[in-house]
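K.L.:
Dumping the structure here so I can ask a few things about it.
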Amino acid sequence: MTHLHLHTRLAHAGCSPDPVTGALVASPVFSTTYERAADGSYPGGYVYSRSANPTRAELERVLTDLEGGAACATFASGMGAAHAVFAALPAGAHVVVADDVYYAVRHLLATVFEGVLTYTLADLSQPGALDAALRPETALVWAETPSNPLLRITDLAETAATCQRHGLQLAVDGTWATPLLQQPLALGADFVVHSLTKYLAGHSDVLGGAVIARADDERFARIRTVQTVGGGVLDPFSAWLTLRGLRSLHVRLAAQCTSTEALATFLAERTDVEAVYFPGLPTHPGHAVARQQMQRFGAMLSVVVVGGEPRARAVASGTRVFRQATSLGGTESLVEHRASVEGPGSRAPGGLLRLSIGLEHPQDLISDFVQALDAVPV
Ligand SMILES: *Cc1c(COP(=O)(O)O)cnc(C)c1O
């Protein structure tokens, strides 16, 4: 049904009527095992739910369609998906990772893959930084755009071209942009990785991850093996909740983007805010590239308040509508002091607050943030 608009396909995600009952919304399939026919075959094609499960398969089909890919594997978390991409590389391989990458990805390489893979952090938003980081044994480049928490923008078409020139795989963490705002595979990436936990499930009640591949080839087969033999699969109920979340993704995201644009524009004018990191602002260094490769600029922003860490922490504690918590992509807006969440080694400035914009009325969000700022005068 790819002739229908994306929004229409999304609105019907997971709506494949049950052939026996006619139930419009398919129920999650919880069975771990599937009965053989007398001749020993499996009539439904399913054997055991670690290898494949109908609910998970339906979600993987929808995600493949959304990203315009060829195949998808879903995992128990976004980090499970990231882990699979790295675990599929040959031992001894070198990877180049965006330096402002989601901090657990850095942590993953420094701990789980210590002694297995080597890596170099590079500011991929800067032309030339990738070339300078390459080594003869480099196998993969891991980009994230917009990045976390500085919202740097990496030019995906240019990065993909560099990767193709050197025969490297390119994986893009597209969690913050979602497939609706940015399509890395169409720009030449090999893999897109998502934390389903965020916008795609969208209600702060599901943990999940996905890898979508441009080609269903030997490299994706290794990722599939990490999924089904490594065993970090997404469970059927989480897959079902993610399908439910996806049905309203386009509507949620549109409202969230609109509110974020309003808040960013407003906060950029405050004299007690040092910096607003949001690619939708014309003053953002990545604005032109973001305009080119994104439909809209997303619903995440970071602000650096005047007064450093003490004031930032006080502001985060003083909000009433914004909830003080980590994560993003839910219907409720969140504020967090990023440096203290990441801990030692964090690259986030002390005064930085990361905001995830939800579905509240934008005026309530602006008023709430203003009262929290005003409560702690500079
Ligand atoms: C949350 C997040 C992840 C990790 O996903 P989990 O579902 O928490 O494991 C990876 N990348 C980005 C950009 C994220 O925001």
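The values are calculated or read from the model by the stated rules, or taken from the named source; none is laboratory data. Bear in mind the structure is a predicted one, so any value in this text is a computation, not a measurement. We place every Cβ from the backbone using ideal geometry, glycine too, and count neighbours over all the protein chains shown.
K.L.:
For residues in the stretch 80-109 being among the small types (Gly, Ala, Ser) and within 13 Å of the ligand (Cβ to nearest atom), which is surrounded by the most Cβ atoms within 10 Å (Cβ to Cβ)?
P.N.:
Taking the stretch 80-109 and keeping what is among the small types (Gly, Ala, Ser), we get 80-82, 84, 87-88, 91-93, 98, 104.
From what is left, the residues that are within 13 Å of the ligand (Cβ to nearest atom) are 80-82, 84, 98, 104.
Values: GLY80: 24, ALA81: 32, ALA82: 25, ALA84: 24, ALA98: 27, ALA104: 16.
Taking the candidates together, the pick is ALA81.
K.L.:
Would you call THR55 modelled with pLDDT of 95 or more, part of a helix (DSSP H, G or I), away from the ligand (no atom under 16 Å from the Cβ) and farther than 26 Å from LEU140 by Cβ?
P.N.:
Details: modelled with pLDDT of 95 or more: yes; part of a helix (DSSP H, G or I): yes; away from the ligand (no atom under 16 Å from the Cβ): yes; farther than 26 Å from LEU140 by Cβ: yes.
For THR55, the condition - modelled with pLDDT of 95 or more, part of a helix (DSSP H, G or I), away from the ligand (no atom under 16 Å from the Cβ) and farther than 26 Å from LEU140 by Cβ - is met.
K.L.:
Follow-up question, since we're still on this one. When you go through GLU114, GLU67, GLU158 one by one, which is the residue that is closer than 30 Å to SER27 by Cα and acidic (Asp, Glu)?
P.N.:
Exactly one residue qualifies, and that residue is GLU67.
K.L.:
Among the residues of the stretch 223-252, how many are within 20 Å of GLY330 (Cα to Cα) and part of a helix (DSSP H, G or I)?
P.N.:
14
K.L.:
Listed residues GLU261, GLU274, GLU218; which is without any contact (Cβ under 8 Å) to a residue 24 or more places away in the chain and away from the ligand (no atom under 16 Å from the Cβ)?
P.N.:
Numbers: GLU261 fails: without any contact (Cβ under 8 Å) to a residue 24 or more places away in the chain; GLU274 fails: without any contact (Cβ under 8 Å) to a residue 24 or more places away in the chain.
On inspection, the qualifying residue turns out to be GLU218.
K.L.:
Suppose we keep only residues that are of a type in the set (D, E, K, R) and out of contact with any helix residue (DSSP H, G or I) (no Cβ under 7 Å at 6 or more places or on another chain) within the stretch 49-69. Which one would you say is nearest to GLY231 (Cα to Cα)?
P.N.:
Step one: list which residues in the stretch 49-69 are of a type in the set (D, E, K, R), which gives 50, 56, 58, 60-61, 65, 67.
Next, only the ones that are out of contact with any helix residue (DSSP H, G or I) (no Cβ under 7 Å at 6 or more places or on another chain) stay: 60-61.
On the way: GLU60: 16, ARG61: 19 Å.
Here the residue is GLU60.
K.L.:
Restricted to the stretch 242-271, and to residues that are buried (at least 17 other Cβ atoms within 10 Å of the Cβ) and β-branched (Val, Ile, Thr), which residue is farthest from the chain's Cα centre (by Cα)?
P.N.:
Out of the qualifying residues, it is THR260.
K.L.:
Residues ALA37, ALA13: which one is more than 23 Å from ASP190 (Cβ to Cβ), touching a residue at least 12 places away in the same chain (Cβ under 8 Å), in a loop (DSSP other than H, G, I, E, B) and of a type outside the set (S, T, N, Q)?
P.N.:
Numbers: ALA37 fails: touching a residue at least 12 places away in the same chain (Cβ under 8 Å).
Going through ALA37, ALA13 in turn, just one is more than 23 Å from ASP190 (Cβ to Cβ), touching a residue at least 12 places away in the same chain (Cβ under 8 Å), in a loop (DSSP other than H, G, I, E, B) and of a type outside the set (S, T, N, Q): ALA13.
K.L.:
Search the stretch 82-93 for residues that are farther than 12 Å from VAL112 by Cβ and pair each with any residue that is among the acidic types (Asp, Glu) and surrounded by fewer than 24 Cβ atoms within 10 Å (Cβ to Cβ) when their beta-carbon atoms are under 7 Å apart and the residues are at least 6 apart or on different chains.
P.N.:
Pairs found: GLY92/GLU137; ALA93/GLU137.
K.L.:
A follow-up question, please. Only residues that are buried (at least 22 other Cβ atoms within 10 Å of the Cβ) and either within 16 Å of the ligand (Cβ to nearest atom) or within 24 Å of GLY174 (Cα to Cα) (or both): list them for the stretch 351-360, please. Can you show your working first?
P.N.:
First pass over the stretch 351-360, keeping only residues buried (at least 22 other Cβ atoms within 10 Å of the Cβ): 351-358.
Answer for the stretch 351-360, where residues must be buried (at least 22 other Cβ atoms within 10 Å of the Cβ) and either within 16 Å of the ligand (Cβ to nearest atom) or within 24 Å of GLY174 (Cα to Cα) (or both): LEU352, LEU353, ARG354, LEU355, SER356, ILE357, GLY358.
K.L.:
Looking only at the stretch 120-139, which residues are more than 16 Å from the ligand (Cβ to nearest atom), touching a helix residue (DSSP H, G or I) at 6+ places or on another chain (Cβ under 9 Å) and touching a residue at least 40 places away in the same chain (Cβ under 8 Å)?
P.N.:
Start the filter on the stretch 120-139 by keeping residues that are more than 16 Å from the ligand (Cβ to nearest atom), which leaves 120, 122-123, 126-139.
Going one step further and asking which of them are touching a helix residue (DSSP H, G or I) at 6+ places or on another chain (Cβ under 9 Å), we end up with 120, 122-123, 127, 130-131, 134, 138.
Residue satisfying the conditions is THR138 alone.
K.L.:
For the stretch 287-308, which positions are under 19 Å from the mean Cα position of the chain (by Cα) and among the small types (Gly, Ala, Ser)?
P.N.:
Correct list: ALA290, GLY298, ALA299, SER302.
K.L.:
If you don't mind, another one. Considering only residues that are among the β-branched types (Val, Ile, Thr) and either touching a Lys or Arg at 6+ places or on another chain (Cβ under 6 Å) or over 21 Å from HIS7 (Cα atoms) (or both), which ones fall in the stretch 201-250? Can you show your working first?
P.N.:
Taking the stretch 201-250 first, the residues among the β-branched types (Val, Ile, Thr) are 206, 211-212, 223, 225-226, 228-229, 233, 242.
Selection gives VAL206, VAL211, ILE223, THR225, VAL226, THR228, VAL229, VAL233.
K.L.:
With the requirement that a residue be aliphatic (A, V, I, L, M) and within 12 Å of the ligand (Cβ to nearest atom), what does the stretch 151-200 give you?
P.N.:
Looking only at the stretch 151-200, we keep the residues that are aliphatic (A, V, I, L, M), and these are 151, 153, 156-157, 160-161, 168, 170-172, 177, 180-181, 185-187, 189, 192-193, 196, 200.
Once the filter is applied, which keeps residues that are aliphatic (A, V, I, L, M) and within 12 Å of the ligand (Cβ to nearest atom), the stretch 151-200 yields LEU151, ALA171, VAL172, ALA177, VAL192, VAL193, LEU196, LEU200.
K.L.:
Looking at TYR46, TYR34, which is the one that is surrounded by fewer than 21 Cβ atoms within 10 Å (Cβ to Cβ), touching a helix residue (DSSP H, G or I) at 6+ places or on another chain (Cβ under 7 Å) and farther than 19 Å from GLN183 by Cβ? Step through it out loud before you land on a result.
P.N.:
On the way: TYR34 fails: touching a helix residue (DSSP H, G or I) at 6+ places or on another chain (Cβ under 7 Å).
Result of the check over TYR46, TYR34: TYR46.
K.L.:
Test VAL193 against the stated conditions and say whether it is crowded, with 22+ Cβ neighbours inside 10 Å, closer than 23 Å to ARG347 by Cβ and of a type outside the set (Ser, Thr, Tyr).
P.N.:
Numbers: crowded, with 22+ Cβ neighbours inside 10 Å: yes; closer than 23 Å to ARG347 by Cβ: yes; of a type outside the set (Ser, Thr, Tyr): yes.
Yes: the conditions hold for VAL193.
K.L.:
Among the numbered conditions (1) touching a helix residue (DSSP H, G or I) at 6+ places or on another chain (Cβ under 7 Å); (2) not in a loop (DSSP other than H, G, I, E, B), tell me where GLN363 comes up short.
P.N.:
(1)
K.L.:
Of everything in the stretch 110-119, what is assigned to a loop (DSSP other than H, G, I, E, B), within 16 Å of the ligand (Cβ to nearest atom) and either touching a helix residue (DSSP H, G or I) at 6+ places or on another chain (Cβ under 8 Å) or of a type in the set (A, V, I, L, M) (or both)? Give them in sequence order. Don't jump to the end; show me each part of the working.
P.N.:
Filtering the stretch 110-119 for residues assigned to a loop (DSSP other than H, G, I, E, B) gives 111-117.
Subset that is within 16 Å of the ligand (Cβ to nearest atom): 111-113.
VAL112, PHE113, listed by residue number.
K.L.:
Ok, one more. I need a count of the residues in the stretch 321-340 that are farther than 24 Å from ALA254 by Cα and in contact (Cβ under 8 Å) with a residue 40 or more places away in the chain.
P.N.:
Kept after step one, since they are farther than 24 Å from ALA254 by Cα, are these residues of the stretch 321-340: 337-340.
Of the ones still in play, those that are also in contact (Cβ under 8 Å) with a residue 40 or more places away in the chain are 338.
Qualifying residue count for the region: 1.
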